Structure formats: structure tokens, C-alpha cells
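Take a look at the structure below.
The values are calculated or read from the model by the stated rules, or taken from the named source; none is laboratory data. The model shown is predicted, which means the values in this text are computed figures rather than measured ones. Neighbour counts run over all protein chains shown; Cβ positions are idealised from the backbone, glycine included. Please note that ligands, DNA and RNA were not included when accessible areas were found on the heavy atoms of the full protein model with its side chains. Shrake-Rupley method; radii C 1.70, N 1.55, O 1.52, S 1.80 Å.
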Amino acid sequence: QVQLVESGGGLVQPGGSLRLSCAASGIMFSIYDMGWYRQAPGKQREVVASITRGGSTNYVDSVKGRFTISRDNAKRTVYLQMNSLKPEDTAVYYCNADNTRRQYWGQGTQVTVSS
């Protein structure tokens, strides 16, 4: 059974930081490209950051310089370090695993940026 379990969300003030984690089980983690997506109320889900099996990263323009995605294949975990958070970063953040043949999603973790 494939599971992607996100953690680390919460309420933070503008300018603060959070670190999201996504622990994978049931898949050969190292062969999957991993990504973090987010969906704000009334908006479509968008990709925030991605990291390939080889470690190449990509970010949506709105988070460049503030967010960092990384992975630890030994721990089967992908991380999203979020700094200088803004109210517009408020959303449910989802972890995604993709090897072009199959794609899996986590349940999501809420991130709220508010004073």
C-alpha cells in the first residue's frame, strides 16, 4: 500500500518559517520525481517545487529564493523548507510522487500565514 504522509504544517506569522516533510512508503522512493503542490481556497492546485530522482530542482517564480526542496532517499522523505512566508502562501500543501507511469498524492497539510 502506497502512502505519502505530510507533516509540518501550521499557523505562522508573516516572515516566519516552516519545514514540511513527506514520508513515503510502499514505493521505490529513489526512482520517483517528487513535488510539492498547493491549493488555496477557490484556486487551482499549483506546483510549488519539484525535485527529480537525480536531484534537480525547480520552483514556481513566486517562491524562488524563499523555499527549498530537498530529499533524503535513505529516509524516503522529501522536505520543503519555507522561509519569509507571506499570507499568499496560505494553502493546503500536497506531496506528489511521479515516475511517469504512476502518480501518488498525500492527504495534504494546512499552512496558514497570518498575523
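Worth a mention:
- Qualifying position, being open to solvent by less than 40 Å² (accessible area, probe 1.4 Å) and either at pLDDT 95 or above or not small (G, A, S) (or both), among S56, S21, S17, S62: S21
- Filtering region 4-27 to residues that are free of Cβ contacts under 8 Å to residues at least 60 places away in the same chain and within 11 Å of T109 (Cβ to Cβ) leaves only S21.
- Test: residue in region 78-85 that is free of Cβ contacts under 8 Å to residues at least 60 places away in the same chain and surrounded by 14 or more Cβ atoms within 10 Å (Cβ to Cβ): yes
- Qualifying residue in region 28-42 (condition: of a type in the set (D, E), in contact (Cβ under 8 Å) with a residue 40 or more places away in the chain and at negative phi): yes
- Some residue of region 108-115 being out of contact with any Lys or Arg (no Cβ under 6 Å at 6 or more places or on another chain) and over 18 Å from P14 (Cβ atoms): yes
- Checked against the criterion of being in contact (Cβ under 8 Å) with a residue 24 or more places away in the chain and of a type in the set (K, R), the candidates K75, K64 yield just one match: K75.
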